[in-house]
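What follows is a set of notes on a single structure, which appears directly below.
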Amino acid sequence: MAEHAELTYEGKKFTLPVIIGTEGEKAIDISMLREETGLITLDAGFANTGSCISTITFMDGEKGVLRYRGIPVEQLAEYSLFIETTYLLINGVLPTRKQLTDFSILLNDNSLIHEDMQSFFQSFPRASHPMGILSSMVTALRSFYPELKVETAEEINLTVTRLLSKIRTLAAMSYKISRGHKVVYPRPDLSYCANFLNMMFDSPVKPYQIDDDLVKALNVFWILHADHEQNCSSSTVRMVGSGRVNLYAAISAGIAALWGPLHGGANQAVVEMLTRINRKDGGNVKKAVERAKDKKDSFRLMGFGHRVYKTYDPRAKIMKMTCDNILEKLHTSDPLLDIAKKLEDVALKDDYFLEHNLYPNIDFYSGIMLRALGIPTNMFTVMFAIGRLPGWIAQWKESADDPKWKLSRPRQIYNGPILTDYIPIDERKKQHTDSRHKTHR
Ligand code: CMC
C-alpha cells in the first residue's frame, strides 16, 4: 500500500493518503476527511496547511534553499535578466533567444498607459500611500484594457504582458505626478529595468544617466522578489482568483495583501526602524534587540524572522552583498547599512533570536539597496510588488490551468453565542461589546 497515515476517531480507523513531492516533502491528504469523519482541521495562519500542489517554486526553510522551476535563485540572480526569470516562472521553462526577444517586443508594445489614467493620479490626496494607489490603478486597468475572453493562450498572454509592462509605467508615473513633475514615457531602446529607472528619474533639466551597475542591481532585486510560493499575497491572488474574478482584480488584491508590514511592507518598516535607531537612539542597536525580546512591548525587529525560513534567508545574503557592491560603486556609504550590520551581529549572538530561529529576511537589506538607487521610502513596497508580479501571475495561471480548480472556501469552528432570540430595542439593557482587539504589531 502506498504511504499513508492513520487516524483513529471514536474507535474507528481512517486511512489518509500521503502525498510526496519531487523534493521529498510530504503531506497528509485530508480532502475526504470531513466526508468520512465529520471532522475538519484547524490551523491558524495555515502554518501546517498545503493549499495546492505546485511546480513553480521550491523552498527548504531549514536549509535556506529557494529555486524557481528547479533553478537556484543564486544562479538566476547572477546570470538571468528579470524578464527572463519572469518568462521562466510564467511559462515553466527558460526562453530561447527568439522567445525572449519576442517577449521583450511585446512588453515594449504594451508599455504605454492610456492618457486618461493620468488624471486619476491627480485625484488622490497628496498623502496617499503608493501601494493604495497602485492597487486601485491595477483594478482601473480593467476598464481601459478589458480582458478578452481569456480562453486562448494568446489572450491570456496579452493580458499578462499588459500587466507586467504597465505596472512599471504606472509606478513611475505615480511618482512623477506625486512630485508635480512631467511624466516620462517608456523608451523602446531601454531594457525593462533601465526603462523603469529612466521613467523615475529622467527630467528635462537633468537627463538621467543610465548606469549598468544600478540596472543590474535592480535586476537582482526584482529576481529575488519574483516568487516565494504560497506567501500571503500569492495565496490571496489564488484565493481571490478562485472566485473566477478577472486577473486585474486578483492582482490588485495581491498588492493590497503585500502592503502589510509583516509581509512586503516590512522593507519600508525596516528603513524607518533603522532611521529611528540612528536618529533617536544614537545608533544603540542593543536597545532595539532588548525591546524586540520584551513580550510586553509590541515592537518586533523588522526584517527578522520568517514563517518558512528557520535559517538565513538566501535572498538576504545576495541582497546584503548587492548593497555592499552598489555603495562601493557609488563611492558612498549609508549609516543605515552600518546600523543594519551591527544589529544583525548583536541579534545573531542573542539566545532569544537563536532559540526562535530568527534570522534576517530579504527585507532587512533591500530597503538600503533601494535607497542607493534613489527610490523614496514610501515606494519600497511598490518595488516589491513589481518584482512579485510574475510570481502572482504564475500562481494564478497554475490554478486556472487546473481542470479541478476549486473555489477557495475554508471552514471554521464557531465559538460564538448559541441560539439567542432577538430583543426589541426598548427592552435592551446596556451590553458589553467585545473589545478584546489585539493591536497589530
Ligand atoms: N522580532 C522579535 N520576535 C519575533 C520576530 C521579530 N521580528 N519574529 C518572530 N518573533 C517571535 C514571536 O514573538 C514569537 O515568539 P514566542 O513564540 O516566544 O511568542 C515567535 O518568534 C514566533 O513568531 P510568529 O509571529 O508566531 O511567527 P510567524 O511565522 O507567524 O512570523 C513573521 C513570521 C515574518 C510574521 C515574523 O517573523 C515577523 O513579524 N517578522 C517581522 C516582519 C518582517 O520582517 N516581515 C517580512 C517577512 S519576509 C518578506 C515576505 O515574505 O513578505
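Values quoted throughout were computed directly from the atomic coordinates according to the rules given, and no laboratory measurement underlies them. Source: prediction; values computed, not measured. Cβ atoms come from the backbone with ideal geometry, glycine included; neighbour counts cover every protein chain shown.
Over every Cα atom in the stretch 324-424, the radius of gyration and the widest Cα-Cα span, Dmax, amount to 23.1, 73 Å. Between the beta carbons of Ile105 and His181, assuming R0 = 22 Å, the FRET efficiency works out to 0.15 to the nearest 0.05.
Each of Glu35 and Lys349 was given a label point 7 Å from its Cα along the Cα-to-Cβ line. The distance between the two points is 5.9 nm. For the chain, the C-alpha radius of gyration sits at 1.07 times the compact-globule guess of 2.2 N^0.38 Å, with N the residue count. Between Asn157, Ala171, Phe121, whose Cα lies farthest towards the positive end of the dipole of the chain when Lys and Arg beta carbons carry +1 and Asp and Glu beta carbons carry -1, centred on the Cα centre? About the Cα centre, the residue reaching furthest to the positive side is Phe121.
Summarised in one figure, the compactness ratio Rg/Rh of the stretch 35-162, Cα atoms and Kirkwood Rh, is 1.07. Of Thr101, Thr332, Thr169, the residue with the greatest mean-square motion in the GNM of the chain, using alpha carbon springs below 10 Å, is Thr332. Ranked by the mean number of other Cβ atoms within 10 Å per residue, highest first, peptides 195-205, 118-128, 226-236, 88-98 order as 226-236, 195-205, 88-98, 118-128. At q = 0.20, 0.22, 0.24 Å⁻¹ the log10 of I(q)/I(0) for the stretch 265-373 amounts to -1.05, -1.26, -1.47, computed by Debye summation with a single uniform scatterer per C-alpha, solvent ignored. If you take the alpha carbon atoms of the stretch 4-50 and fit the smallest convex hull around them, that volume is 79 Å³ per residue. Where only DSSP H runs of four or more residues are counted, the chain gives -15500 deg cm²/dmol as its mean residue ellipticity at 222 nm, each run worth -39500 (n - 2.57).
For the modelled label position 7 Å from the Cα of Lys406 along Cα-to-Cβ, which residues of the stretch 21-63 have backbone nitrogen atoms closer than 13 Å? Residues passing the 13 Å test: 29-36, 40-41, 50-53.
To the nearest 20 debye, what is the magnitude of the charge dipole of the chain about its Cα centre, counting +1 on the Cβ of each Lys and Arg and -1 on the Cβ of each Asp and Glu?
Computed charge dipole of the chain: roughly 1260 debye.
Note on Ser136 and Ile425: their simple-model spin labels are 3.4 nm apart, each label 7 Å out from Cα toward Cβ.
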